[in-house]
Amino acid sequence: QVQLVESGGGLVQPGGSLRLSCAASASDFSTYVMGWYRQAPGKQRELVAEITQARSENYADFVKGRFTISRYNPANTAYLQMNSLKPEDTAVYYCNARKWTNDYWGQGTQVTVSS
């Protein structure tokens, strides 16, 4: 079982930045694909970005050029740097770790973009 703990969410003005962190308990963290998803009220959870074991990155069209996913394997941590935030980015952001049939989720962190 892998525990994922997100942090870094909060309230930010439009155009601002936040960096989310996801700390994983997995000793084999480097073998997982790490992803960030989000869910806004009344909407389905959607992929924001993911990074593979080989550090290949994949982004949803709505965040390309604004968000950057990264990972630091020695600290078992994944990050999501969010720049140029918009009100429509408001959502609960979830960290995900997956490998083969194993799929783990964090508890989520709220991001609110509002003036």
Condition first: open to solvent by less than 40 Å² (accessible area, probe 1.4 Å), within 25 Å of residue 112 (Cβ to Cβ) and not in a strand (DSSP E or B). Now tell me which residues in the stretch 58-77 satisfy that. 60, 63, 66
Report yes if residue 55 is modelled with pLDDT of 95 or more, of a type in the set (Lys, Arg) and open to solvent by 20 Å² or more (accessible area, probe 1.4 Å), otherwise no. yes
What are the pairs, 6+ residues apart or on separate chains, where a residue within the stretch 1-14 that is among the hydrophobic types (A, V, I, L, M, F, W, C) has its Cβ under 7 Å from a residue that is in a loop (DSSP other than H, G, I, E, B)? 2/25; 2/26; 4/106; 5/106; 11/114; 12/85
Of the conditions (1) open to solvent by 50 Å² or more (accessible area, probe 1.4 Å); (2) more than 17 Å from residue 112 (Cβ to Cβ); (3) touching a residue at least 40 places away in the same chain (Cβ under 8 Å), the single one that residue 33 does not satisfy is (1)
Count - residues of the stretch 26-52 that are modelled with pLDDT of 95 or more, assigned to a loop (DSSP other than H, G, I, E, B) and of a type in the set (Ser, Thr, Tyr): 2
The residue that is farthest from residue 17 (Cα to Cα), considering only those in the stretch 78-89 that are in a strand (DSSP E or B) and out of contact with any helix residue (DSSP H, G or I) (no Cβ under 8 Å at 6 or more places or on another chain), is 78
Which condition number does residue 103 fail, the rest of (1) open to solvent by 30 Å² or more (accessible area, probe 1.4 Å); (2) within 19 Å of residue 27 (Cβ to Cβ); (3) in contact (Cβ under 8 Å) with a residue 24 or more places away in the chain being met? (3)
So, first residue in contact (Cβ under 8 Å) with a residue 60 or more places away in the chain in the stretch 64-82, second residue part of a strand (DSSP E or B) and polar (S, T, N, Q), Cβ within less than 7 Å, six or more apart or across chains; the pairs are 79/21; 79/70; 81/68
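The values are calculated or read from the model by the stated rules, or taken from the named source; none is laboratory data. Keep in mind it's a predicted model, so treat the numbers as computed, not measured. Don't worry about glycine lacking a Cβ; one is built from the backbone with ideal geometry, like all the others, and counts go over all protein chains shown. The accessibility values were calculated without ligands, DNA or RNA, using every heavy atom of the protein model including side chains. Shrake-Rupley method; radii C 1.70, N 1.55, O 1.52, S 1.80 Å.
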